[in-house]
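Read through the structure below, which is laid out as structure tokens, and then see the notes.
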Amino acid sequence: MATIVPFRGLRYNQEKVKKLSSVVTPPYDIIDEAAQARYYAEDPVNIIRLELGLIFPQDTACNNRYTRAAQYLHKWMEDQTLIAEDSPVLYLYQQEFTIKGKRLIRNGLLCGLKVEPYENGNILPHEETLSKPKADRLHLMRSTHANFSSIFGLYSDPKKVIDNSLIKYSQEKPADISIEDEAGEFHRIWVVNDQKIIDKIVKTMADKKIFIADGHHRYETALGYAEEMKEQGLTGYDYVMATLVNLFDEGLVVLPTHRVAGKLKDFKMSSFLQQLENLFRIEKRGNKDNLPALIEEMASKGEKEHVFGLYASQELYLLTLKDFPQASACLPAEKSDAWKNLDVALLDNLILDQILGIGEQERRNQENLAYSRSEEWVVEQVDNKSYQIGLLINPTRVQEIVDVASARDKMPQKSTYFYPKLITGLVINNLDIK
């Protein structure tokens with residue numbers, strides 16, 4: 001099964017970097033140009049210079065965002081801005097956050113995860129990847145030999161052997177890192193250097209499968225990089241920094257990803273509703289003031305039925321699938337039963353593709369679509385005529401993700417949003433440090 005290892009992580013020297021919150025960032029793939037510039041300006045040793053450096057017109061093969069990242073990394077290690085652990089360790093990474101008025105804590109095991117092909121069945125993906133992001137991450141790894149941000153994985157430990165070991169350890173000492181980020185979320189890191197606890201956790205994890213929640217591009221990049229290094233006769237480059245969270249952790253939250261559709265040629269609401277009626281029971285739910293009630297109703301009914309929300313022409317609707325076997329027969333035949341049972345698969349294939357004509361390629365290019373976690377944003381976009389309709393969806397359940405991955409299938413695009421995101425810069429994995 002999965003193999004995890006302790007590693008000698010690099011951490012910011014708190015004697016030199018007094019405000020750790022000024023040197024960390026969200027994951028690179030949700031940072032736009034404005035945020036990138038803001039992080040550059042925030043602190044001269046902000047992790048952005050390593051993880052997502054600026055691109056300049058005069059860049060060359062010898063001087064570019066990747067080579068500059070390597071130069072910054074070496075400089076910061078030399079001047080002790082970054083300091084390596086004395087010995088290989090594990091970490092408890094705890095995040096405290098508020099969602100819908102409820103305060104939650106999510107516990108993660110930060111470790112090295114041995115990379116191996118998906119075909120082995122020990123580490124399973126749940127979504128497709130794109131070549132361009134992987135090429136970018138591979139260039140960065142080749143230049144720096146490091147992971148600056150962690151992949152996010154899930155494992156099953158109903159008895160919470162690993163969680164309990166980590167939490168008991170954390171209660172006996174203060175956190176080694178404790179910061180509040182720009183979103184008001186708290187991030188705490190405990191360095192676990194007790195060899196007995198390390199051995200116990202490594203042994204307990206040895207019979208677990210890992211389901212990748214976030215970071216598919218980085219995982220596949222690390223696997224490709226390990227194979228390159230092996231071809232050069234170099235060993236010890238076959239693991240990637242990972243934060244692993246128990247499927248039974250009370251702080252494990254998946255948010256929905258709603259859709260808005262626009263630029264639909266010859267779109268007529270009356271015709272659209274007629275086509276929907278072939279598959280869905282359609283019930284009006286009033287205007288946007290009733291949005292909270294609709295979301296609550298969707299959550300309640302979604303336990304037993306496939307339900308969706310629709311907002312168009314200042315009207316809310318509840319859509320309930322009439323006949324699942326009939327709908328399932330309209331889905332790609334090669335897909336697993338677990339995949340066909342996903343709300344997002346039904347929405348994308350039945351409504352977006354077969355009724356609105358927004359196929360897989362259009363969805364991938366986002367030509368007619370936009371996505372958001374906020375149902376209020378969906379309503380706003382339709383009201384201001386940026387898009388013609390809004391489609392609301394319940395969040396994908398964690399067990400559904402596991403079922404699809406176990407069936408060796410991939411989730412449709414924009415199926416999951418794990419919240420909160422892991423922060424970048426708390427710990428760095430330099431693969432050259434043994």
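The values are calculated or read from the model by the stated rules, or taken from the named source; none is laboratory data. On a predicted model such as this, the values are computed, not experimentally measured, just so you know. For neighbour counting, all protein chains shown are included, and Cβ atoms are generated from backbone atoms with ideal geometry for every residue, glycine included. Accessible surface areas use protein heavy atoms only, side chains included; no ligands, DNA or RNA. Shrake-Rupley method; radii C 1.70, N 1.55, O 1.52, S 1.80 Å.
Quick notes on this one:
- From the list GLU305, GLU296, the one residue that fits, being part of a loop (DSSP other than H, G, I, E, B), closer than 30 Å to GLU380 by Cα and not small (Gly, Ala, Ser), is GLU305.
- When TYR311 is tested against the conditions (1) part of a loop (DSSP other than H, G, I, E, B); (2) surrounded by 13 or more Cβ atoms within 10 Å (Cβ to Cβ); (3) not hydrophobic (A, V, I, L, M, F, W, C), the lone failure is (1).
- Total residues in the range 19-39, condition open to solvent by less than 80 Å² (accessible area, probe 1.4 Å), in contact (Cβ under 8 Å) with a residue 40 or more places away in the chain and closer than 21 Å to MET141 by Cα: 6
- Of residues in the range 40-87 being within 20 Å of ARG218 (Cβ to Cβ) and assigned to a loop (DSSP other than H, G, I, E, B), the one most open to solvent (accessible area, probe 1.4 Å): ILE55
- For the criterion of being touching a strand residue (DSSP E or B) at 6+ places or on another chain (Cβ under 6 Å), under 17 Å from GLU303 (Cα atoms) and of a type outside the set (Val, Ile, Thr), PRO420 fails.
- Being hydrophobic (A, V, I, L, M, F, W, C) and without any contact (Cβ under 8 Å) to a residue 12 or more places away in the chain holds for only one residue in ALA299, ALA345, ALA338, ALA329, and it is ALA329.
- Answer from LEU92, LEU154 - the residue that is of a type outside the set (Val, Ile, Thr), under 21 Å from ASP29 (Cβ atoms) and either within 18 Å of the chain's Cα centre (by Cα) or not in a loop (DSSP other than H, G, I, E, B) (or both): LEU154
- Residue check for ILE167: of a type outside the set (Ser, Thr, Tyr), modelled with pLDDT of 95 or more and open to solvent by 10 Å² or more (accessible area, probe 1.4 Å): yes
- Those residues of the range 378-397 which are open to solvent by 20 Å² or more (accessible area, probe 1.4 Å) and touching a residue at least 40 places away in the same chain (Cβ under 8 Å), in sequence order: GLN381, ASP383, SER386, TYR387, GLN388, ASN394, PRO395, ARG397
- Contact map, the range 408-420: first residue open to solvent by 20 Å² or more (accessible area, probe 1.4 Å) and charged (D, E, K, R), second residue part of a strand (DSSP E or B) and at pLDDT below 90, Cβ cut-off under 8 Å, separation 6 or more or different chains; pairs are LYS410/GLU127.
- Test for SER178: is it of a type in the set (Gly, Ala, Ser) and closer than 25 Å to ALA69 by Cβ: no
- Any pair with Cβ under 9 angstrom, 6 or more apart, that starts in the range 173-186 at a residue that is among the aromatic types (Phe, Trp, Tyr) and ends at one that is open to solvent by 30 Å² or more (accessible area, probe 1.4 Å) and not in a strand (DSSP E or B): none
- Residues that are part of a strand (DSSP E or B) and open to solvent by less than 60 Å² (accessible area, probe 1.4 Å) occur at least once in the range 172-182.
- Segments classed as helices (runs of 4 or more DSSP H), wholly inside the range 183-285, with at least 3 members that are among the small types (Gly, Ala, Ser) and either surrounded by fewer than 16 Cβ atoms within 10 Å (Cβ to Cβ) or at pLDDT 95 or above (or both): 216-231
- Residues of the range 319-360 that are part of a loop (DSSP other than H, G, I, E, B) and of a type in the set (A, V, I, L, M, F, W, C): ALA329, CYS330, LEU331, ALA333, LEU342, LEU356, ILE358.
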